[in-house]
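Q: Right, I'll just put the structure down here and ask away after.
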Amino acid sequence: MTLGICVSLKNRSNLIVKQEDPIATYKFIAKYIKPSPTDVEPPAILPSGDIQLFLFPRMIASLQSIRKAGDDWHIIVVDYTSTDIDVPLFLQQALPDIPYTLITKNETFNRGGGLDAAAEAAKTMGIDTLFFCDSDMIFTEHDIFDQAYDALSKNKIYYPICFSYTTSKHSHGFWRDSGYGMVFMTTAMYFTTDRWRNNITWGWEDRALHDSLDPALLVRARANGYYHQWHPNSSEFKTKEYAVKTYMGANSALPRSS
């Protein structure tokens, strides 16, 4: 089983952001917030009090740290001309042992279109399984891949549930039971679905793909050692790289690239 880890990327490798009040920001889910089940190093706090985030580099480093000898992985990054770091140089230096493919697109950031392009590349390379993953995740255990391999062996689609940090110190968070952004499925099965649609705004494409799938095929479970790194929860941050500054709606629905 060869696993293509697919990431759609735009400026998530070196960011300076402001602190955020977690109590006010997450008051609507206050009863679900709990201490982190594992110590995960928090981002650096600068002398100014701002926070420096290395989201994508930390994700890549964590994959390197938990990979087992039998894992046949190929990382496929679709980068929409990030300007915060030199992405080709970073991947060359950060992935000495894991094969990778970098696809650069000089156009408006499009998460759904990028993930679909990664899947197309995986299909061309003969990669038989896919993990669609965001650039701000971090892994401390292999459990997510063990669960995925079990589900895939039964021809199921696996939606892992992550623990999502609500504090910049990575001290507290919640299990993101309602998230649909990350998913494992076979390559063959992906190309029988509605696939990721092009989107120029934040959030719409996750649920669109999920809702198009046969519920009988879905496996959804929490994964140990699988975390969403802290970053601001503001609309301004989430929509920074999108052409349409909104969460979802008719403006996000564009045809898929041919």
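Q: Report whether or not Ala30 is exposed (fewer than 14 other Cβ atoms within 10 Å of the Cβ), over 26 Å from Asn110 (Cβ atoms), without any contact (Cβ under 8 Å) to a residue 40 or more places away in the chain and touching a strand residue (DSSP E or B) at 6+ places or on another chain (Cβ under 8 Å).
A: Criteria not met by Ala30.
Q: Would you mind listing the helices (runs of 4 or more DSSP H) fully within the range 142-217 where at least 3 residues are within 17 Å of the chain's Cα centre (by Cα) and crowded, with 18+ Cβ neighbours inside 10 Å?
A: Hits in the range 142-217: 143-153, 204-211.
Q: Now for a different question. Return the residues of the range 165-192 that are within 23 Å of Trp73 (Cα to Cα) and either polar (S, T, N, Q) or touching a helix residue (DSSP H, G or I) at 6+ places or on another chain (Cβ under 6 Å) (or both); say none if nothing qualifies. Explain how you work it out, then say what you get.
A: Looking only at the range 165-192, we keep the residues that are within 23 Å of Trp73 (Cα to Cα), and these are 180-192.
Of everything in the range 165-192, those that are within 23 Å of Trp73 (Cα to Cα) and either polar (S, T, N, Q) or touching a helix residue (DSSP H, G or I) at 6+ places or on another chain (Cβ under 6 Å) (or both) turn out to be Tyr180, Gly181, Phe184, Thr186, Thr187, Tyr190, Thr192.
Q: Continuing with the same structure: Give the residues of the range 77-133 that are surrounded by 15 or more Cβ atoms within 10 Å (Cβ to Cβ), in contact with a Ser or Thr (Cβ under 9 Å, 6 or more places away or on another chain) and assigned to a strand (DSSP E or B), sorted by residue number.
A: Across the range 77-133, the qualifying residues are Val77, Val78, Asp79, Thr129, Leu130, Phe132.
Q: Criterion first (under 17 Å from His170 (Cα atoms) and part of a helix (DSSP H, G or I)) does Ile23 satisfy it?
A: yes
Q: List every residue pair whose Cβ atoms lie under 6 Å apart, where the two residues are 6 or more positions apart in sequence or sit on different chains, the first residue falls within the range 205-218 and is on the phi < 0 side of the Ramachandran plot, and the second residue, located anywhere, is among the hydrophobic types (A, V, I, L, M, F, W, C).
A: That search, which allows pairs on different chains as well, returns Glu205/Trp196; Leu209/Trp196; Leu217/Ile157; Leu218/Ile157.
Q: Of all the residues that make up the range 50-76, how many are in a loop (DSSP other than H, G, I, E, B), surrounded by fewer than 18 Cβ atoms within 10 Å (Cβ to Cβ) and among the hydrophobic types (A, V, I, L, M, F, W, C)?
A: Residues that pass the stated criteria total 1.
Q: For the range 1-25: of the residues being modelled with pLDDT of 95 or more and of a type in the set (Ser, Thr, Tyr), which is surrounded by the fewest Cβ atoms within 10 Å (Cβ to Cβ)?
A: Among residues in the range 1-25 that are modelled with pLDDT of 95 or more and of a type in the set (Ser, Thr, Tyr), the one surrounded by the fewest Cβ atoms within 10 Å (Cβ to Cβ) is Thr2.
Q: Write out, first by first residue and then by second, each pair whose Cβ atoms fall under 7 Å of each other, whose residues are 6+ apart or on separate chains, and whose first residue, in the range 69-91, is closer than 30 Å to Tyr149 by Cβ while the second is modelled with pLDDT under 95 and in a loop (DSSP other than H, G, I, E, B).
A: Pairs found: Asp72/Met1.
Q: Count, please, the residues in the range 98-128 that happen to be β-branched (Val, Ile, Thr) and either farther than 26 Å from Ser153 by Cα or touching a residue at least 40 places away in the same chain (Cβ under 8 Å) (or both).
A: 4
The values are calculated or read from the model by the stated rules, or taken from the named source; none is laboratory data. Because the structure is predicted, anything quoted here is derived from the model rather than measured. Every residue, glycine as well, gets a Cβ built from its backbone with ideal geometry; the counts of neighbours run over all protein chains shown.
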